[in-house]
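Trainee: Quick one: this structure, given as structure tokens, is what I'll be asking you about.
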């Protein structure tokens, strides 16, 4: 499995009113993502409202994704939980559901207790017992702390830890993780607003929510950078940045789902306690996408 390119952290689609999983729409979106040329997907991640899903729903979504995503592309499943025990169980279930790897966010409810030693013990146990390769997940926005670079460097030497997704948007933090990058450990960014700077710093790709509704633009950044066309990559990044800053970072999952609706995919409602966008926010999304809908 190669962690590289543009990987989409897919949304979980729900029926209006019941909030039940809309599996037909989920599969339809996945088919579109594959046809767009994206290099893989993450199911049950932050953009997929993982914290609001049951264990059965997580398994259902991963199995459905495996039916669409070819083995030549990456399928990661979010497996992070508040206990080490549940995290390991989710890794086992992700394997059974067909995932290629487990994306593991740190426990963060007891954030004050998540010191270096606690995180070390947790991640080592997960890496030791997971039947899938583990990808670390650094997202300070939700964790309320960041994974220490020294811990990432240590875990990068574990034979079952193959990479990290850094969604901090902080290039200096990313560079700290990049010090541990090797043939067996890959650093990916999770921030579409700084995708090209991350690639310039050495990241091998990104798990980007913006790629869900602007795949062509996301791939243009990656392909242009890889071919040495920095001018085109930078131009695409300038177009992408307001989409990432406003739709993804500011408006969150509801913004991403609205953007998916705008470009012809099935976004649909968020699950409570999240709230759908109001009319004014929806209009902001439409205006931002007006110039890139064709590219998407």
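Trainee: Could you tell me the ratio Rg/Rh of the stretch 15-65? Both radii from Cα atoms, Rh via Kirkwood.
Mentor: Here the Rg-to-Rh quotient is 0.97.
Trainee: Want the number for residue 154 to residue 227: 0.36 nm per residue separation, take away the alpha-carbon distance, what's left?
Mentor: 23.0 nm
Trainee: If you don't mind, another one. Just to verify a number: FRET efficiency for residue 55 and residue 238, C-beta to C-beta distance, R0 = 30 Å, to 0.05?
Mentor: Result of the calculation: an efficiency of 0.10.
Trainee: For the chain, what is the calculated [θ] at 222 nm in deg cm²/dmol (nearest 500), taking -39500 (n - 2.57) for each run of four or more DSSP H residues and dividing by its residue count?
Mentor: Mean residue ellipticity, 222 nm, calculated: -13000 deg cm²/dmol.
Trainee: Principal axis lengths of the chain from Cα atoms, whole Å, largest first?
Mentor: 48, 47, 37
Trainee: Report the relative contact order of the stretch 215-290, percent, no decimals, based on alpha-carbon pairs under 8 angstrom and at least 6 residues apart.
Mentor: Value for the stretch 215-290: 22 percent.
Trainee: If neighbour count is taken as other Cβ atoms inside 10 Å, put 100, 166 in order from fewest to most.
Mentor: Ascending Cβ contact count within 10 Å gives the list 100, 166.
Trainee: Within 10 Å of each residue's Cβ, count the other Cβ atoms and sort 222, 137, 110 from fewest upward.
Mentor: Taking fewest neighbouring Cβ atoms as first place, the list is 110, 222, 137.
Trainee: Less than 18 Å from a label point 7 Å out along the Cα-to-Cβ axis of residue 31: which backbone N atoms in the stretch 257-291 qualify, by residue?
Mentor: Counting backbone N atoms under 18 Å from the label point, the list is 261, 263-268.
Trainee: Ok, one more. Sort 189, 239 so that the residue with the fewest other Cβ atoms within 10 Å of its own Cβ comes first and the one with the most comes last.
Mentor: Ranked by crowding around the Cβ, least crowded first: 239, 189.
Trainee: Before anything else, pin down the relative contact order of the stretch 5-215: Cα pairs under 8 Å, at least 6 apart, normalised by residue count, whole percent.
Mentor: Relative contact order, the stretch 5-215: 19 percent.
Where a number appears in this text, it was derived from the coordinates with a stated rule and is not lab data. Every value quoted in this text rests on a predicted model; they were computed, and no experiment measured them. Note that each Cβ is placed from the backbone with ideal geometry, even for glycine, and that neighbours are counted across all protein chains shown.
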